[in-house]
Every structure is written in C-alpha cells, then in structure tokens.
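Okay, structure first, notes after.
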Amino acid sequence: MKKVVNINLAGKQFTIDEDAYQALDKYLNTINKHFSSSSGFEDIMYDIEERIAELFEEEMQGSTIITVDKVTAMQKTMGTPQDFGAAADMNTSENRRIEKRFFRNTDNKVIAGVASGLGAYLGIENILLVRAVFLMIALSGIGILPYLILWIFIPEAKTASDKLSMRGEDININSIANAVEDGVSEIKETFSELHKNFKQNML
Amino acid sequence: MTNNMNLDNTKAQMRKGILEFCVLSILSNKELYPSDVIKKLKASKMIIVEGTLYPLLNRLLKAELLSYNWKESTSGPPRKYYQITDMGKTALRELKSTWKELEGAVNKATK
C-alpha cells in the first residue's frame with residue numbers, strides 16, 4: 001500500500017505516489033538550483049515543467065498513477081542539470097566570486113609578499129598603504145613580530161589557482177589561462193629588459 | 001579513458017555551436033511550442049537530452065532573437081509558442097552564411 005499525492009505541473013493535474021513524488025521533487029529542486037541565478041529562471045522552469053507534464057501524459061497510457069520508474073524514465077529523457085548546463089550558461093556566467101584566501105604574494109614583494117598578499121585579500125589596491133601600516137607597527141614598538149608570524153604561517157601563492165583565490169577570482173579554464181598569460185607576458189617583459197640592458201652594456 | 005572523454009567534449013561543443021542555428025532555423029518557418037522544436041531536433045539527432053533546449057530558448061529570448069506568446073490549446077492549459085523576431089531573422093541569415101563558409105572550409109580541410 002502506498003500513499004498518493006496530487007500535484008499540479010504547469011497547469012495539469014497528476015496523481016503521483018509518494019516515492020515518485022520525492023524523486024520528482026528532488027529532480028526539480030536540482031534544476032531549480034541550477035538555474036536560480038539566471039534571469040529567465042521562471043520561463044525556463046515553466047517550460048521544463050510543461051515538458052515533464054507532457055512526458056508523463058505520454059507515459060500514462062493505461063495507468064492513472066505516476067510511479068518512480070516513470071519519473072526515472074522522464075529524467076533520462078530530460079537529462080540532468082549537468083547535461084544541459086553544458087549548453088546553458090555559456091554566456092551567463094556572471095563573474096562568480098570564490099572565497100578569497102590569504103596568500104603571500106611573492107610576485108609583488110619587498111620582503112616576503114605579506115603586505116601585497118594582505119592587500120589582495122582585503123581588496124586594498126594601494127599596497128604601499130599596507131606596507132606603511134606594517135612599517136608603522138614595526139616602528140611603534142610592537143616590532144616586526146606580527147610580520148614574521150604572518151610570513152611563517154601564511155603560505156606563498158605558488159600555483160595559478162592559488163593566485164586566483166588570492167585575488168578572489170573564479171577558478172575556471174579562462175581565468176587560469178589569463179593568469180598564465182599574465183605570467184608569460186611578465187617573463188617576456190623581463191626578457192626584453194634583460195635584452196635591452198645587455199645591448200646597452202655591449203655598446 | 002581521457003581520450004574518450006575529450007572526444008565527447010568535442011562532440012558536445014560542436015553540437016552546442018550549431019544548436020542555436022538549428023533552433024532559429026526551425027522557428028523561422030512557423031511559430032512552434034517547445035515540444036515541437038524538440039521533436040524536430042530529436043529527429044535530426046541534434047540533441048541528446050531534452051533539457052538542453054530550455055536554457056537555450058531562454059538565451060535566444062533574452063537576446064531578442066525569439067519572442068513568444070500564449071495560445072489556447074485544445075487539450076489542457078494555454079501553451080507558449082515561440083517565434084523568430086526580425087533581429088532573429090537577421091541573425092539567422094548571418095549564421096547561415098557562416099555555416100556555408102564553415103562547411104566548405106571543413107570539407108576542404110578534411111579531404
């Protein structure tokens with residue numbers, strides 16, 4: 001014996017048993033979550049529910065109650081949010097921000113990159129300001145201990161993804177490619193400078 | 001294994017690029033509601049899972065290449081019918097010529 005539930009899917013009424021209801025609810029919720037950030041969210045949800053209702057109608061021939069296997073069959077036809085996500089958010093990936101982490105930024109350092117890492121973490125663009133604060137702390141009598149402690153305990157941003165989470169940028173192929181490109185152009189600059197110096201010395 | 005996965009990804013990417021073109025093309029003849037579009041796409045094996053279509057329709061809607069209106073249906077609640085806009089028609093023409101170019105280029109390159 002099973003309990004049944006009556007549901008309304010895009011204006012159509014269905015009788016569904018409890019297990020199937022749970023499965024369907026879970027499925028719709030994952031889709032819901034997947035699209036909740038895009039602006040045409042209601043439109044998409046309505047269209048999807050309408051289609052699900054239609055698939056159920058096609059499947060219902062003879063029977064009157066939706067069971068779990070009908071929900072499973074429907075999911076197979078519709079696909080998972082991951083499947084259609086691939087085609088979904090190509091353009092709508094608004095710059096999601098990931099959780100920032102405190103790293104030492106050794107790309108821009110005077111001593112160990114603590115100040116510039118902290119600046120990146122706090123979103124302070126003027127690193128000189130952060131450095132001045134450390135300098136003031138050092139001169140005020142507290143000394144250099146705070147700096148040393150941070151130096152010891154805060155890891156250095158080594159990989160591209162470290163550097164991105166230091167700045168709070170989303171880690172995806174594009175941003176990593178950008179970070180790598182930045183690195184490459186830096187190397188190029190260094191090389192061309194070396195080249196210039198070399199030339200000047202030779203002359 | 002990784003090889004296969006990459007290949008799948010490539011296939012998906014290829015499909016994704018031309019799916020919008022196909023949808024616009026299907027809707028350029030007459031207004032349809034999503035299930036009709038799905039039937040056509042499925043018949044031509046353009047989509048594997050149906051869910052792919054909905055975010056895509058929405059994207060085209062937002063880009064104002066498509067619009068929709070509600071129509072009474074003989075069975076059940078009113079349905080949303082999608083149709084191509086003037087902007088959509090222009091976009092479709094562009095996509096068509098790009099497709100022709102690509103087709104020729106690919107045929108040449110893979111000979």
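Every number in this text was worked out from the coordinates using simple rules, so none of it is lab data. Computed from a predicted structure; not experimentally measured. Ideal geometry is used to build each Cβ from the backbone, glycine not excepted, and the neighbour counts take in all protein chains shown.
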For the stretch A:1-73: lysine pairs under 17 Å (alpha-carbon distance), excluding those fewer than 8 apart on one chain:
4
Sequence order, the stretch A:55-62: Karplus ³J(HN,Hα) from phi using 6.51 cos²θ - 1.76 cosθ + 1.60, θ = phi - 60°, Hz rounded, Gly and Pro as x, gives 4, 4, 4, 5, 6, 6, 2, x
Which loop trypsin sites (Lys or Arg not before Pro) in the stretch A:114-163, with loop taken from DSSP, have no more than 11 other Cβ atoms within 10 angstrom of their Cβ?
A:158
Counting Lys and Arg as +1 and Asp and Glu as -1 over every other residue whose Cβ sits under 14 Å from the Cβ of residue A:147, the net charge comes to +3
Fully extended contour minus Cα-Cα distance, from residue B:10 to residue B:43, at 0.36 nm per residue:
9.7 nm
How do the peptides A:144-156, B:48-60 rank, highest first, by the average count of neighbouring beta carbon atoms within 10 Å per residue?
B:48-60, A:144-156
Add +1 for every Lys or Arg and -1 for every Asp or Glu among the other residues with Cβ under 10 Å from the Cβ of residue B:25, and state the total.
+1
Taking only Cα atoms, what is the 0 to 90° angle, nearest 10, from helix B:34-43's long axis to the longest principal axis of chain B?
30 degrees
Residue A:104 long-range amide H proximity, modeled H, under 5 Å
A:156, A:157
Scan around residue A:9 for amide H atoms under 5 Å from its own, H built in the peptide plane at 1.01 Å from N, and keep only partners 5 or more places away or cross-chain.
A:14
Residue separation times 0.36 nm, minus the C-alpha to C-alpha distance between residue A:129 and residue A:151: what's the value?
6.1 nm
Using a cut-off of under 15 Å, list every residue of the stretch A:40-70 whose amide N is near the label point 7 Å from the Cα of residue A:22 along the Cα-to-beta-carbon line.
A:67-69
Kindly provide the trypsin sites (Lys or Arg not before Pro) of the stretch A:1-49 that DSSP labels as loop, not H, G, I, E or B, and whose Cβ sees at most 14 other Cβ atoms within 10 Å.
A:2, A:3
Tilt, helix B:2-29 to longest principal axis of chain B (alpha-carbon atoms), in degrees rounded to tens, equals 40 degrees
Please give the calculated 222 nm ellipticity per residue for chain B, where each DSSP H segment of at least 4 residues contributes -39500 (n - 2.57) and the sum is spread over every residue; nearest 500 deg cm²/dmol?
-22000 deg cm²/dmol
For the residues B:46, A:78, A:1, what sequence is obtained by ranking on other C-beta atoms within 10 Å, fewest first?
A:1, B:46, A:78
Set B:45/B:71; B:16/B:96; B:11/B:96; A:158/B:11, cut-off 23 Å on Cα-Cα distance; pairs above it are B:45/B:71; A:158/B:11
If you rank A:142, B:38, B:18 by fewest surrounding Cβ atoms within 10 Å, what's the result?
A:142, B:18, B:38
Please list, in order along the stretch A:134-141, the HN-Hα scalar couplings obtained from phi with the Karplus expression 6.51 cos²θ - 1.76 cosθ + 1.60 (θ = phi - 60°), rounded to whole Hz, x for Gly and Pro.
4, 5, 5, 4, 4, 7, 7, x
Per-residue Cβ counts within 10 Å, from other chains only, averaged over A:39-45: what number is that?
4
Calculated FRET efficiency, residue A:142 and residue A:111, Cβ-Cβ r, R0 25 Å, to nearest 0.05?
0.90
For residue A:66, other-chain or 5+-apart residues with amide H closer than 5 Å (H placed, Pro excluded) are A:15, A:16, A:17
Mind checking the mean number of beta-carbon atoms from other chains within 10 Å of the Cβ atoms in A:48-60?
3
Which of B:94, B:72, B:64 moves most in a GNM of chain B, Cα contacts under 10 Å?
B:72
